[in-house]
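Contents: one structure, followed by commentary.
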Amino acid sequence: MTPTIQLQLLLATFAGRVGHQQSRAISYLIEENRVLKEQLESSGKRILFTADQRRQLAAKGKPRGRRALEAIATIVTPDTISRWHRRLIAEKWTYPRNNVGRPGVMKEHGIEPAPDRPTSWRTFVRSHAHLIAAADFFTTEVWTARGLVTHYTLFVIDIATRRVHIAGTTTHPTSEWMEQIARNLTDCQDGFLTAKQFLIIDRDALFSPKFKAILGSSGVEILLTAYRAPNMNAFAERFVRSIKSECLSQMVFVGQGSLDRAIAEFVAHYHDERSHQGIGNEIVSGAMPQRIGQIEVKDRLGGLLNYYHRRAA
């Protein structure tokens, strides 16, 4: 037996022994927690957690997954851990509001009242839909070695066809990153904005001056939405609502790879497997549904996304 094989066997034996000891220690702690919980319940006392304790349990417990929690959690249920985790993410984006009262009218920002405008925004978008795209960001919280980290995803949507292009995901949407995204979008060969004349974006500072300049030099005019007017970018806002409510808000992500896979699966489902009322209940990709064959249910992401399909005859 060579020294290398001997060392491997020694390491395997040591690892197995350590793993067995850790398993016994965990089993003891689980049983101890159960006993303490039974004593408190028999005395009529209720376990009260502070806000910090809830956050700590949510941060440690949720990434383990529901199946693991069902085996080891004794003080609270996995559903409670999930609820605390959702609150933990929500608190990260809760900021105090310094301004109160009714927001300023649009005229203060150079937008005249409707009767004085030559055409309405809705009419303009509908009339030029085939020349317009819209872009926006959505954020997702991802567990990493550094803890809970915000990931920014930039996407572009074709107003006429509802086709969506994921431009990129990053934890640091710097000006340099946005410049590269702009070059990709306006690439003369396969850029998503090659045939577009207008791009609707909001006034987020992430849309850097260089990003706008690169698009402008390629013949794409930037259309900025008014302050506090999300309806001016309604198509992008609707996509964010769909991917959040149907996919991202239902999952816990560990590492960017898991987030990228979930986004890719949803976009494939969005393009090829679901109909859209805004385009006459057609499929974005233009695929024609089969008229003959037994109907069956297919799914993505472990059943999170479902759709009906006719089996080929």
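See the values below:
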{"quantity": "Test: residue in the range 260-269 that is closer than 25 Å to ARG87 by Cα, assigned by TED's automatic domain parsing to the domain that holds ILE159, modelled with pLDDT of 85 or more and small (Gly, Ala, Ser)", "calculated": "yes"}
{"quantity": "Subset of the range 114-158 (residues that are assigned to a strand (DSSP E or B) and over 21 Å from the mean Cα position of the chain (by Cα))", "calculated": "ILE132"}
{"quantity": "Flag for LEU259 being under 30 Å from ASP79 (Cα atoms), touching a strand residue (DSSP E or B) at 6+ places or on another chain (Cβ under 9 Å), of a type outside the set (Phe, Trp, Tyr) and buried (at least 19 other Cβ atoms within 10 Å of the Cβ)", "calculated": "yes"}
{"quantity": "When residues of the range 209-240 are limited to those that are part of a helix (DSSP H, G or I) and touching a Gly at 6+ places or on another chain (Cβ under 9 Å), the one surrounded by the most Cβ atoms within 10 Å (Cβ to Cβ)", "calculated": "PHE235"}
{"quantity": "In the range 270-310, residue surrounded by the most Cβ atoms within 10 Å (Cβ to Cβ) [restricted to those that are farther than 20 Å from ARG241 by Cβ, modelled with pLDDT of 80 or more and small (Gly, Ala, Ser)]", "calculated": "SER285"}
{"quantity": "Unique match (being free of Cβ contacts under 8 Å to residues at least 24 places away in the same chain, of a type in the set (A, V, I, L, M, F, W, C) and more than 19 Å from THR150 (Cα to Cα)) among ALA226, ALA234, ALA205", "calculated": "ALA234"}
{"quantity": "So GLU265, is it more than 20 Å from ALA135 (Cβ to Cβ), without any contact (Cβ under 8 Å) to a residue 60 or more places away in the chain and not in a helix (DSSP H, G or I)", "calculated": "no"}
{"quantity": "Restricting the range 169-200 to residues that are closer than 27 Å to ALA226 by Cβ and of a type in the set (Gly, Ala, Ser), the residue that is surrounded by the most Cβ atoms within 10 Å (Cβ to Cβ)", "calculated": "ALA182"}
{"quantity": "Unmet requirement for LYS210, which otherwise passes all of (1) under 22 Å from the mean Cα position of the chain (by Cα); (2) in contact (Cβ under 8 Å) with a residue 24 or more places away in the chain", "calculated": "(1)"}
{"quantity": "Only listed residue being β-branched (Val, Ile, Thr), without any contact (Cβ under 8 Å) to a residue 12 or more places away in the chain and not in a helix (DSSP H, G or I), chosen from THR169, THR194, THR161", "calculated": "THR194"}
{"quantity": "Unique match (being touching a Lys or Arg at 6+ places or on another chain (Cβ under 7 Å) and either of a type in the set (Val, Ile, Thr) or on the phi > 0 side of the Ramachandran plot (or both)) among ILE214, ILE243", "calculated": "ILE214"}
{"quantity": "Hey, GLU282 in contact with a strand residue (DSSP E or B) (Cβ under 8 Å, 6 or more places away or on another chain), in contact (Cβ under 8 Å) with a residue 12 or more places away in the chain and of a type outside the set (Lys, Arg) or not", "calculated": "no"}
{"quantity": "Criterion (in the same structural domain as TRP143 (by TED's automatic domain parsing), farther than 22 Å from ARG163 by Cβ, of a type outside the set (A, V, I, L, M) and part of a helix (DSSP H, G or I)) met by exactly one of GLY302, GLY257", "calculated": "GLY257"}
{"quantity": "Total residues in the range 237-246, condition under 15 Å from ILE159 (Cα atoms) and in contact (Cβ under 8 Å) with a residue 60 or more places away in the chain", "calculated": "3"}
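The values are calculated or read from the model by the stated rules, or taken from the named source; none is laboratory data. Note that the structure is predicted; figures quoted are calculated from it, not measured. Quick reminder, even Gly has a Cβ in these numbers, built from the backbone with ideal geometry, and neighbours come from all protein chains shown.
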